[in-house]
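Single-structure report; data block below.
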Amino acid sequence: MPKNRNTFSFLARRGRSAASWLVHRGWEWAREAGAVTAEHPGRLRFGAIGEGTRLAFPQGTVFGEPWIELGGHCIIAEQVTLTAGMMPDLDLGPDPILTLGDGVVLGRGSHVIADTTVTIGSDTYCGPYVYITSTNHSYDDPHEPVGKQWPRMEPVEIGPGCWIGTGAVILPGARLGRNVVVAAGAVVRGEVPDHAVVAGAPARVVRSWDPEQGWQPPLRTPAPVPIPEGVTPEQLLALAELEGEAGPDAP
């Protein structure tokens, strides 16, 4: 009897291992086949989708795509929502509503809701679960449920080169300048100047760049040392391995 139990346990482990392998291989195939690119748009027909842009599978809610224009080499992670208009199948006119510049990154689970124009500048990176919207509920009538009242809409503009941290919220009417840093969890409304760092809810400027004095208040950590030109990835890997062998206390 013990021998039979051992045999059954061995077969069960082998079966589970094989099933696990099949599931993971199947999921890898689905992620590759379900990704959206300019060459393989699937059911989505964007107003424009640039070369090298990829929407990872599974996608979040996407509608109004004829009024969504995506630049080149954008990375749209899993479960990202992209919508133009308040609901599907609306005629939104001749102009794009939601525009992403080249090289935009939208982290996993982010939402970009464009009932009126939303523009995200080139090389803007968003962490996971960022929420960008041009629409907010109104509550003018105290006797009517808030969700049934007509919303207010204001355009949103995010300049190029920004970094928007995890869980940040960009509200209607926000206008972010160039190379703005938005701290994780910040709630941004109104205008933010170029080269500023904002944090808090509501967000306020906590650091800004002065052409003569540099960052004010000064940065608390030294600037990273840039990688010298001509250094290959293989050389960097070898250097990292040498440092690891030497240990953290090596001179």
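Our helix-only sum for the chain, with -39,500 (n - 2.57) per DSSP H run of n ≥ 4 divided by its residues, gives a mean residue ellipticity at 222 nm of -6500 deg cm²/dmol. Within the full protein context, the accessible area of residue 20 is estimated at about 50 Å² for a probe radius of 1.4 Å. Between 181, 137, 105, the Cα set farthest toward the positive side of the dipole of the stretch 59-181 (charges on each charged residue's Cβ, about the Cα centre) is that of 181.
Plugging the Kirkwood radius over Cα pairs into Stokes-Einstein for the stretch 13-105, at a temperature of 37 °C and a viscosity of 0.692 mPa s, what D comes out in µm²/s?
It comes out at roughly 227 µm²/s.
Between residue 204 and residue 43, what's the calculated FRET efficiency when r is the beta-carbon distance and R0 is 41 Å? Round to 0.05. The partial results should precede the final answer.
Details: r = 43 Å, r/R0 = 1.04.
Approximately 0.45, to the nearest 0.05.
Suppose R0 equals 51 Å. What FRET efficiency, 1/(1 + (r/R0)^6) with r the Cβ-Cβ distance, do residue 232 and residue 137 give to the nearest 0.05? It would help to have the intermediate numbers written out before the result.
Working: r = 53 Å, r/R0 = 1.04.
With a Förster radius of 51 Å, E is 0.45.
Quick one: net charge around residue 53, please, counting Lys, Arg +1 and Asp, Glu -1 for every other residue with C-beta under 12 Å from its C-beta. Mind showing how you got there, number by number?
Working: positive: 54; negative: 39, 51, 69, 102.
Around residue 53, the surrounding residues sum to -3.
Between amide H atoms placed 1.01 Å from N, distances below 5 Å from residue 35 occur with 57, all of them 5 or more places distant or on a separate chain. In plain terms, if you count all Cα to Cα distances in the stretch 108-251 and split them into 5 Å steps from zero, the share in each step is 2, 9, 13, 16, 13, 10, 11, 10, 6, 3, 2, 2, 1, 1, 0 percent.
Each 10 Å bin from zero up to the one holding the largest Cα-Cα distance in the chain carries the following percent of pairs: 7, 22, 24, 21, 14, 7, 4, 1, 0.
Could you provide, to the nearest whole Å², the per residue accessible area of the chain with probe 1.4 Å?
Numbers: 16020 Å² over 251 residues.
Solvent-accessible surface per residue comes out at 64 Å².
For the stretch 117-231, give the percent of accessible area contributed by carbon and sulfur heavy atoms, probe 1.4 Å, rounded to a whole number. That fraction is 56 percent. Using 0.36 nm per residue and subtracting the Cα-Cα separation, the extra length available between residue 216 and residue 33 on full extension is 61.1 nm.
Where both bridge residues fall in the chain, DSSP classifies roughly 20% of the beta bridges as antiparallel. Peptides 138-146, 192-200, 62-70 ranked from most to least packed, by the mean per-residue count of other Cβ atoms within 10 Å: 62-70, 192-200, 138-146. Rounded to the nearest 20, the size of the Cβ-charge dipole of the chain about its Cα centre is 1520 debye, with Lys and Arg at +1 and Asp and Glu at -1. Computed over the stretch 101-213, relative contact order equals 19 percent, with contacts defined as Cα pairs under 8 Å that lie 6+ residues apart.
The values are calculated or read from the model by the stated rules, or taken from the named source; none is laboratory data. These numbers come from a predicted model, not from an experiment. Cβ sites come from the backbone with ideal geometry, for glycine too, and all protein chains shown count toward neighbours. Only protein heavy atoms, including side chains, enter the accessible area calculation; ligands, DNA and RNA are left aside. Shrake-Rupley method; radii C 1.70, N 1.55, O 1.52, S 1.80 Å.
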